[in-house]
Amino acid sequence: MYAPYVAETTISFEQQVLEVAEFATRITKTLPDYPYYVAQDNKQNILGYAYAGAYNSRVCYNLTAEISIYVKKDVAHRGVGTTLYEVLEEQLKRQHVVNLLSIIAVGNQQSEQFHIKQGFEQVGYFPHVGYKFDRWLDVIWMQKTLQTNLCYPGDFIPFSEF
């Protein structure tokens, strides 16, 4: 379900479709610290996935996470993405994450609107930071604050502790 995003669009900045083994390695590297959720139908077909990762490796950024979501094109607008983000956000709150960041390719109106609906707002615009299909690509950064009280919630808790 991710391959068309790589091969046909600038939604993903990957240049090559990933082999299954590489995809599995990425998930395995994510899970000690952050959640990686997959939505499936009753026949175990993957409908979408959402995951979090470190925004920056420096400890002072531990309470900010970068998140990504991909939903199979033919199930868009059926609530799969909303459900994935709701579950992801609830878990990240338990891990004391305060801020979520998402990078979106300029022109991906569907993702922009989805993130606005989820409570994100645009906080940055970076011109010509990616290059794919023989052209420069711009990105926007969107942010959502999960905690209503911005007091320090405590140290980051790795996902593996849950």
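The values are calculated or read from the model by the stated rules, or taken from the named source; none is laboratory data. Just so you know, these numbers come straight off a predicted model, no measurement behind them. With ideal geometry, Cβ positions are generated from the backbone for all residues, glycine too; neighbour counts draw on all protein chains shown. Just the protein is used for accessible areas: all its heavy atoms, side chains included, with ligands, DNA and RNA removed. Shrake-Rupley method; radii C 1.70, N 1.55, O 1.52, S 1.80 Å.
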Computed E for Y37/H128 - FRET, C-beta separation, R0 45 angstrom, nearest 0.05: 0.90
Per the C-alpha gyration tensor (a ≥ b ≥ c, the square roots of its eigenvalues), the range 95-145 is rounded if a/c is under 1.5, else prolate if a/b beats b/c, else oblate; here it's prolate
Output the relative contact order of the chain, whole-number percent, from Cα pairs under 8 angstrom with separation of 6+ residues. 23 percent
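For the range 13-88, count the residues as N, evaluate 2.2 N^0.38 Å, and divide the Cα radius of gyration by that value, please.
1.20
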On the accessible surface of the range 4-130, probed at 1.4 Å with all protein chains in place, carbon and sulfur together account for a percent value of 51 percent
Could you give the accessible area per residue of the range 1-138, probe 1.4 Å, as a whole number in Å²? 59 Å²
Using a cut-off of 11 Å between beta-carbons, work out the net charge of the residues near M142 (Lys and Arg +1, Asp and Glu -1, M142 not included). -2
Exposed loop trypsin sites (Lys or Arg not before Pro) only (DSSP loop, at most 10 other Cβ atoms within 10 Å): please give the longest stretch of the chain free of them, not including the sites. 59-162
Intensity falloff of the chain expressed as log10 I(q)/I(0), Debye formula with alpha-carbon point scatterers, at q = 0.11, 0.18, 0.20 Å⁻¹: -0.46, -1.28, -1.54
For the range 31-45, list residues with backbone N below 20 Å from a point placed 7 Å from the Cα of F162 toward its Cβ? 31-40
What is the local net charge at I67, summed over the other residues whose Cβ is closer than 10 Å to its Cβ (Lys, Arg +1; Asp, Glu -1)? -1
What is the gain in length, in nm to one decimal, between W141 and K29 on full extension, counting 0.36 nm per residue of separation less the C-alpha to C-alpha distance? 37.9 nm
